[in-house]
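Below: the structure, in structure tokens.
The values are calculated or read from the model by the stated rules, or taken from the named source; none is laboratory data. Because the structure is a prediction, the values reported are computed rather than measured. Here the Cβ is made from the backbone with ideal geometry for all residues, glycine too, and neighbour counts use every protein chain on show. These area figures cover heavy atoms from the full protein model, side chains too; ligands, DNA and RNA do not enter into them. Shrake-Rupley method; radii C 1.70, N 1.55, O 1.52, S 1.80 Å.
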Amino acid sequence: MRIQDYQNKEIIEKNPNSSASIYLLGNKSSGTLMSLPSGICAAFKDYVTDRTVTVCYNSNFERGPFENLISEEISRITGERLGMKIQALDVLYSETTWDYILVLVNNKHWIAVKHVKEDKFVCYDPDEGKDSDGSTMGEAIKNLRKEYVISGLYICIKKTI
């Protein structure tokens, strides 16, 4: 199932007054809904892949304006339909243990980061089709666009061996 189809069917149609529905409808970009972690997890679940996915978030999502949204997302991600892992943390520890990381920036835009080797990360912005690199994930994102602020929500992807 496509991410947008999942979000329309499983979130907006089922519960139009939920925090997730309100957030999705309020943050449309060019008529497209922003992808929530549960939508991205559904895509990984529905398509056979050799990757394992863990959603990580820091405390600003637990206790800030996203409090209700993240609790709804946790229920969807860890529930029977998706059955994936969630991890709460304030620092993305050992970013080098993940092969790929989708990073939410400015609370509404995903950036893709690939861990190339020990001290090299390549970052890709699908909005502009540009990439950059750096010795850390944060540096690669800053080199991409200085205005990007990491929001503290990550979808961490590791190849299954």
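Within a straight-line Cα-Cα reach of under 14 Å, Lys117 can be paired with the following aspartates and glutamates, leaving aside sequence neighbours fewer than 8 residues apart in one chain: Glu95, Asp99, Asp133.
A quarter of the convex hull surface defined by the alpha-carbon atoms of the chain gives 9.3 nm² as the mean projection.
Extension gain Arg81-Asn15, at 0.36 nm per residue separation less the Cα-Cα distance, in nm? Once the chain is fully extended between Arg81 and Asn15, it gains 22.1 nm. The calculated 222 nm mean residue ellipticity attributable to helices in the chain amounts to -7500 deg cm²/dmol, summing -39500 (n - 2.57) over DSSP H runs of n ≥ 4 and dividing by all residues. All other residues whose Cβ lies under 10 angstrom from that of Ile157 are scored, Lys and Arg at +1 and Asp and Glu at -1, for a net of +3.
Heavy-atom surface analysis with a 1.4 Å probe gives the chain a carbon and sulfur content of 49 percent of its accessible area. Region 35-65 and region 96-161 have Cα centres lying 15 Å from one another.
Derived scalar couplings between HN and Hα for region 51-60 equal 10, 10, 10, 10, 8, 10, 8, 9, 5, 5 Hz in order, rounded to whole Hz, by the Karplus curve 6.51 cos²θ - 1.76 cosθ + 1.60 (θ = phi - 60°), x for Gly and Pro. Approximating the spin labels as points 7 Å out from Cα along Cα→Cβ, the Ala112-to-Leu25 distance works out to 3.1 nm.
Rolling a 1.4 Å probe over the heavy atoms of the protein chains gives region 104-161 an accessible area of 56 Å² per residue.
Gain on full extension, evaluated as 0.36 nm per residue between Ala88 and Ser59 minus their Cα-Cα distance, stands at 9.7 nm. Within a straight-line Cα-Cα reach of under 18 Å, Lys142 can be paired with the following lysines, leaving aside sequence neighbours fewer than 8 residues apart in one chain: Lys108, Lys114, Lys120, Lys130. The stretch between Lys146 and Asn68 holds 25.2 nm of extra length on full extension. This uses 0.36 nm per residue minus the Cα-Cα distance. The value for region 110-151 of Rg(Cα) / (2.2 N^0.38 Å) is 1.02.
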